[in-house]
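The values are calculated or read from the model by the stated rules, or taken from the named source; none is laboratory data. Bear in mind the structure is a predicted one, so any value in this text is a computation, not a measurement. Note: ideal-geometry Cβ built from the backbone for every residue, glycine included; neighbour counts use all protein chains shown. Accessible surface is based on the protein model in full, side chains and every heavy atom, while ligands, DNA and RNA are left aside. Shrake-Rupley method; radii C 1.70, N 1.55, O 1.52, S 1.80 Å.
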Amino acid sequence: MYNIINEESMTIFLEKDLVAPNVPGFNDNIKTYSKDISALSQVVLSLDTVNNIDSIGVTFVIGLYKKVTKLGVGFKIHDASSNVKQLFKLMKLDDLLE
Amino acid sequence: MYNILIADDVSMNRMLIRSILKNKLKDIEFFEAENGKVVLEVVKNNTIDLIILDLIMPVMDGFEALEALKSNEKFKHIPVIVNSALSEISSIEKTLVMGAMEYFTKPFSPDDIEIILPLKVKNALKLHEQNKEIERLNIELNQELKNANSFAKYMLPKKSRFNKVDFDILYHPSLGIGGDFLDCLEINDEVWFMVADITGHGIAAGMASSMIKILFRMTLEQPEMTPDKLLRGINKRIFSIFGDEDLSNYIVFTGFVGRIKDCQLTYANAAQPYPIIYRKAENIVVPIESGGMLVGMLEDAVYESHTVPLNSGDGIFVYTDGLFSTGKGSDFTNWSLVHESCNELITVLEKKPENFLENIFWKFSFLHKGEGTDFSDDVALIYLTLN
């Protein structure tokens, strides 16, 4: 997992699937980004390399959304596969997709 | 008290090792064997914690004895320290590959006698004890899971025929106890049902599932309840108990709530894969493609109720994603496969609806096995028919 900060936006790249075994590592990384996030206007989560997502992965996304919006920062998801889009539509999370 | 077996065809060697260890270690009982055959007899008739094994012995040598030990389920866990005059790397490698823990060459050096052998024996015994404790805890845990599974099965709805609705359930937990939840009850002239899939598996998910059952039934007691209000009520209750800490993620679930009354199904969906309605008159199956937010994720989540008419003989099939998703690859959105399978089983729905759940479960079981996979998550299915 890594991030790129461009002006007032941070894009987070996961590099692995959004599944239970990987989520603790993602959460540890997010903790280190928290200080940077509060100074931004938007966080973008790129799901470019994500082919598989489970319910724990979805709770990670929502958890990140809650953390970010609590700081008054915008949140969007980019590059979701058609499968992920279908799942997010079922969960009425498609508003987060761009 | 530990039991150590010393195997060597030369009695003087056995005496030497015994003497070294007796001086340095406490609470040891010694057994002796002069060849590999006697080794196998001793381990068969006694509880042995460690074997110090010579390789060159008559009748059955140490290599054969080691192979026999490591291929036997009962004895393979006994740690073996090899003590041999053979110093070629091939012998050392062979015994270590076969599963020996350590290899000492004869004769012993003064350091071997004073320090190394006693310490290595002590460490081997400690490791063996830890492994035995892990095994014991594993057995205990499996028994606890079985007990929890029995309890969870007890919590499943019992009755299969209400005044105007028949129902059937199938529940297949993945790890002894599941995080999927099913309930169905009749209150006056209404039949209420709920299917939920708690995030995660195992004991924590099972406990959460029990809590959801209680919340479901408690919330139903409130007047003028509707499916959307029920989901909202449970959601609010979860946040009031757990707050907005990360711990609330233990109670995050997808759920589908339905109410059958006056030939109508009113439902609200919280991210449950799309249920299927069977229409008897037209003999077709139709998915209910209406989604909603997971319960337990956002405190102010809003749910919507929808109503569809039902006729006599119509059925509602609700299932959890464990039916179609094996966790391998991208099959987490394969609910369309459930719709297809219902189409293929339309004759069963028409003529023997009581066999439908078993049929669809085994259909997916064969499908997964055909792909080299299997059910990896809990599976909860319910089929209700308006009679």
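Summed over both chains, the contact between A and B buries some 1800 Å² of accessible surface at a probe radius of 1.4 Å. Test of understanding: in a Gaussian network model of chain B with alpha carbons linked when under 10 Å, which of B:Leu55, B:Leu298, B:Leu156 would top the mean-square fluctuation ranking? Result: B:Leu55 has the largest fluctuation of those listed. For region B:45-151, the solvent-accessible area works out to 58 Å² per residue, with a probe of 1.4 Å and every protein chain left in place. Based on C-alpha pairs under 8 angstrom that are at least 6 apart in sequence, chain A has a relative contact order of 28 percent.
Over the protein assembly as shown, with every protein chain in place, what whole percent of the accessible area is carbon and sulfur at 1.4 Å, could you tell me? That fraction is 52 percent.
When DSSP beta bridges are restricted to pairs lying wholly in chain B, around 75% turn out antiparallel. Across peptide B:333-344, the average count of Cβ atoms from other chains found within 10 Å of a residue's Cβ is 1.
Exceedance of the 21 Å cut-off in Cα-Cα distance is limited, within the set B:Lys44/B:Lys132; B:Lys261/B:Lys352; A:Lys92/B:Lys213; A:Lys16/B:Lys363; B:Lys76/B:Lys132; B:Lys26/B:Lys126, to B:Lys261/B:Lys352; A:Lys92/B:Lys213; A:Lys16/B:Lys363.
Averaged over its residues, how many other protein chain Cβ atoms are within 10 Å of peptide B:269-275's Cβ atoms?
What the average comes to for B:269-275 is 3.
Using the average count of surrounding beta-carbon atoms within 10 Å as a protection proxy, the listed peptides B:276-284, B:207-215 rank, highest first, as B:207-215, B:276-284. Note: relative contact order over region B:1-158, using C-alpha pairs below 8 Å and six or more positions apart, is 20 percent.
State to the nearest 20 debye the size of the charge dipole of region B:221-369 about its Cα centre, where the only charges are +1 on K and R beta carbons and -1 on D and E beta carbons. Here region B:221-369 has a charge dipole of around 420 debye. Peptide B:288-299 has a mean shielding of 4, counted as Cβ atoms of other protein chains within 10 Å of each residue's Cβ.
Measuring r between the beta carbons of B:Arg237 and B:Ile187 and using R0 = 30 Å, the FRET efficiency lands at 0.95.
Separation of region B:256-306 and region B:321-386, taken as the distance between their Cα centroids, equals 18 angstrom. Rolling a 1.4 Å probe over the heavy atoms of the protein chains gives region B:281-365 an accessible area of 43 Å² per residue. Shape class of region B:160-222 from the alpha-carbon gyration tensor: oblate, with a/c at 1.5 or above and b/c at least as large as a/b. In the full protein context, chain A carries 49 Å² of accessible surface per residue, based on a 1.4 Å probe and ignoring ligands, DNA and RNA.
In terms of the mean number of neighbouring beta-carbon atoms within 10 Å, the peptides A:66-79, B:136-149 order highest first as A:66-79, B:136-149.
Beta bridges per DSSP, both residues in region B:183-284: antiparallel share near 95 percent.
Restricting attention to region B:26-116, which trypsin sites (Lys or Arg not before Pro) occupy a DSSP loop and are surrounded by at most 16 other Cβ atoms within 10 Å? Mind showing how you got there, number by number?
Working: sites: B:Lys26, B:Lys37, B:Lys44, B:Lys70, B:Lys74, B:Lys76, B:Lys94; in loops: B:Lys26, B:Lys74, B:Lys76.
Within region B:26-116, the qualifying trypsin sites (Lys or Arg not before Pro) (loop, at most 16 other Cβ atoms within 10 Å) are B:Lys26, B:Lys74, B:Lys76.
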